[in-house]
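Each remark here refers to the structure printed beneath this line.
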């Protein structure tokens, strides 16, 4: 009996020692540090380079968009007016260039000839009048003032005849090469102005700069948007990170490159592996 009692006591002591040892290991085992954080991603404010009123909005919050997709259209009456003016100037320059390239029409040549002949006849009459008045002046019949008036009329008639002759010669011989080059330059300048306004009008069509998701609609249809003012906010789901608020006593040994295991409550506790990329001190 005494031997059986001692054996029972020994077995009890062994079991007690094992239990104490197991409990000690459980209590001394490092417990995982649990910290909470929020998933964040890159946000892009999409704006227009030109001011205008939002005329069309092609997306809603939560929509997924692709790069280049049309998001909104702005109405800019000022740009439309500038485009009409530039287009009219280009048409006028093109007509002037066509005239320079093809030369004067037959009726224009005849008109220029008639104007020159009229000016020539006027000059001949003025020459005769001056010759007669000059003789009378030399004979002392008319004063010097009368002679000067007739001489001025003759000089004016000579200038008119020379100008009419130049116009007739231009109509017959065609436009000079430098005039053609000038007309071509005007066409190019006007075309450049049209292209510039068209480019600005294209800027009024706001497009997505990348693939993403619409997070916020900042300016609604009918509202004014100034140049550079955000109209839509997109989020880039391909560029995600997690921001944790870590206490100072939890930073020991934590460094960039370390890997952590996290769970996502929004995805039914799905576990993910995270890598520390940056430790940023919190501003006071």
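Might you let me know whether region 169-176 holds any residue that is buried (at least 18 other Cβ atoms within 10 Å of the Cβ), more than 54 Å from the chain's Cα centre (by Cα) and either modelled with pLDDT of 75 or more or within 30 Å of residue 84 (Cα to Cα) (or both)? No, the conditions are met nowhere in region 169-176.
Determine whether residue 185 is within 30 Å of residue 50 (Cα to Cα) and modelled with pLDDT under 75. No: the conditions fail for residue 185.
Within region 36-51, take every residue that is under 23 Å from residue 70 (Cβ atoms) and touching a helix residue (DSSP H, G or I) at 6+ places or on another chain (Cβ under 9 Å) and give me the one that is surrounded by the most Cβ atoms within 10 Å (Cβ to Cβ). Going through the qualifying residues, I end up with 48.
Residue-wise test of (1) touching a strand residue (DSSP E or B) at 6+ places or on another chain (Cβ under 6 Å); (2) part of a helix (DSSP H, G or I).
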residue	(1), (2)
148	no, yes
160	no, yes
170	no, yes
184	no, yes
187	no, yes
191	no, yes
227	no, no
236	yes, no
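Taken as a whole, the structure places residue 89 among residues that are outside the structural domain of residue 215 (by TED's automatic domain parsing), at pLDDT 65 or above and in a helix (DSSP H, G or I).
With respect to (1) closer than 24 Å to residue 64 by Cα; (2) assigned to a strand (DSSP E or B), the lone exception for residue 272 is condition (1).
The values are calculated or read from the model by the stated rules, or taken from the named source; none is laboratory data. Bear in mind the structure is a predicted one, so any value in this text is a computation, not a measurement. Note: ideal-geometry Cβ built from the backbone for every residue, glycine included; neighbour counts use all protein chains shown.
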